[in-house]
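I am attaching a structure below and will ask some questions about it afterwards.
Any read-out appearing in this document is the output of simple, stated calculations on the displayed coordinates, not a laboratory observation. Please read all numbers here as calculations on a predicted model, not as lab measurements. A quick note on method: Cβ atoms are made from the backbone with ideal geometry, for glycine too, and the neighbour counts reach across all protein chains shown.
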Amino acid sequence: MTTLKDLKTPINIVWCPGCGNFGILSAFKNALVELDLEREQVAMVTGIGCHGKIVDYANVNGFHGIHGRVIPLATGIKLANKNLTVIGFAGDADCYDEGWGHFSHAIRRNIDITLIVHDNMILGLTTGQTTATSQKGFKTKSTPFGSITPPLNPIAHALVSNGTFVARGFAGDPKHLQNLIVQAIKHRGFSYIDVFQPCVTFNYLNTHEWFRKSVYKLEEEGHDYTDRQKALEKSFEWDNRIPLGVFYKEERLTYSNNLPHGKGMPLAKILEENIDITPLLESMR
Ligand code: SF4
């Protein structure tokens, strides 16, 4: 049985005190415990940004990749070993700026991975510049007179890309987020959660207090998550009333199901059993 103690690592957490990333880490670990997933069964991938350090703070298989490439890495791991539960963690700049092209294609292919986006609407690691989800008018180091472009709507984009699991959470409500992560991991297909993750150091607009005042839960208002059109309408709600929860969910064949090796033994296992990779490893010494 997996416990929180098993998931602890000896590495000191260096996020700023009060950062929303703590809520995501806690929700993630508690979700793994709730699902009783063995550490060896889980692979996490992160990109570049403050969020990326999460790979050091959870004791499961991990790969800290390059900027914008969380989805291709997670896809490769899943296609090579379909028995793994693969979870990608990306930042908003990481996924919605640098990695934007991967986002829609992974969604439409319905690759069986989970993507959690730490959406703090600013670049934290590089000390405060706008990203694709920064609010219009937001003054930062890169937009000293205020951002002149409206933000992307990633939830709407995921819905129109035929997403099969589209949700939004809030790092300030880790219990609710834990439940979303559990549902996302159980979902067969591409499950996506955009998480509001306040950056207490550089984002003075979208603070914990601002989110707490603005958010409500879709499930408490009887939202029908099987209705894509309704979900799309909800995805445009913003001012003073921002929905959290599952916008849309459906079961559909995954990308692997449609591949020849999708039904048999995992590719990694076939390679392991039939190919001696010792010479290759030796050549890399
Ligand atoms: Fe968190 Fe912002 Fe600090 Fe980065 S800079 S650790 S996102 S509070």
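If you check residue 120 against the conditions, is it polar (S, T, N, Q), buried (at least 24 other Cβ atoms within 10 Å of the Cβ) and touching a helix residue (DSSP H, G or I) at 6+ places or on another chain (Cβ under 8 Å)?
yes
Which pairs do you get when a residue that is closer than 14 Å to residue 68 by Cα, found in the range 112-131, comes within reach of a residue that is surrounded by fewer than 22 Cβ atoms within 10 Å (Cβ to Cβ), reach meaning Cβ atoms under 7 angstrom, with the pair 6+ apart or on two chains?
Final answer for the pair search is 123/129; 131/97.
Just give me the residues in the range 1-15 being without any contact (Cβ under 8 Å) to a residue 12 or more places away in the chain and away from the ligand (no atom under 16 Å from the Cβ), in sequence order.
Result: 5, 10.
Another question, then. Considering only the range 79-102, state which residues are farther than 19 Å from residue 124 by Cβ and crowded, with 24+ Cβ neighbours inside 10 Å.
86, 87
Looking at the range 1-21 only, could you name the residues that are surrounded by 19 or more Cβ atoms within 10 Å (Cβ to Cβ) and not polar (S, T, N, Q)?
7, 15, 19, 20
While we're here: Does residue 112 fit the bill of being among the acidic types (Asp, Glu) and outside any loop (DSSP other than H, G, I, E, B)?
No, not satisfied.
Please enumerate the residues belonging to the range 220-230 that are surrounded by 14 or more Cβ atoms within 10 Å (Cβ to Cβ) and not in a loop (DSSP other than H, G, I, E, B).
228, 230
Say we look at the range 232-252 and pick out the residues that are within 27 Å of residue 85 (Cα to Cα) and either of a type in the set (Phe, Trp, Tyr) or in contact with a Lys or Arg (Cβ under 9 Å, 6 or more places away or on another chain) (or both); which of these is surrounded by the most Cβ atoms within 10 Å (Cβ to Cβ)?
Step by step, filter the range 232-252, then rank; the result is 247.
Here's something else I'd like to know. If you check residue 18 against the conditions, is it within 16 Å of the ligand (Cβ to nearest atom), in a helix (DSSP H, G or I), under 21 Å from residue 206 (Cβ atoms) and not β-branched (Val, Ile, Thr)?
In short, no.
Mind listing whichever residues of the range 236-259 are out of contact with any Phe, Trp or Tyr (no Cβ under 7 Å at 6 or more places or on another chain) and in a loop (DSSP other than H, G, I, E, B)?
Selection gives 236, 237, 238, 239, 240, 250, 251, 252, 253, 254, 255, 259.
While we're on this one: So which of 93, 27 ends up being in contact with a strand residue (DSSP E or B) (Cβ under 7 Å, 6 or more places away or on another chain), touching a residue at least 24 places away in the same chain (Cβ under 8 Å) and part of a helix (DSSP H, G or I)?
93
Tally the residues that are surrounded by fewer than 21 Cβ atoms within 10 Å (Cβ to Cβ), part of a helix (DSSP H, G or I) and away from the ligand (no atom under 16 Å from the Cβ), restricting the search to the range 34-72.
So the answer is 6.
Shifting gears a bit: Mind telling me which of the residues 189, 146 ends up being under 18 Å from residue 87 (Cβ atoms) and either among the aliphatic types (A, V, I, L, M) or away from the ligand (no atom under 16 Å from the Cβ) (or both)?
On inspection, the qualifying residue turns out to be 189.
Condition check ((1) in contact with a helix residue (DSSP H, G or I) (Cβ under 6 Å, 6 or more places away or on another chain); (2) among the charged types (D, E, K, R)) across all residues:
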| residue | (1), (2) |
| --- | --- |
| 186 | no, yes |
| 189 | no, no |
| 193 | yes, no |
| 201 | no, no |
| 204 | no, no |
| 207 | no, no |
| 212 | no, yes |
| 218 | no, no |
| 221 | no, yes |
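Inspect the range 129-137 for any residue being in a loop (DSSP other than H, G, I, E, B), surrounded by fewer than 22 Cβ atoms within 10 Å (Cβ to Cβ) and of a type in the set (Lys, Arg) and give the result as yes or no.
Within the range 129-137 (the criterion being in a loop (DSSP other than H, G, I, E, B), surrounded by fewer than 22 Cβ atoms within 10 Å (Cβ to Cβ) and of a type in the set (Lys, Arg)), the answer is yes, since at least one residue qualifies.
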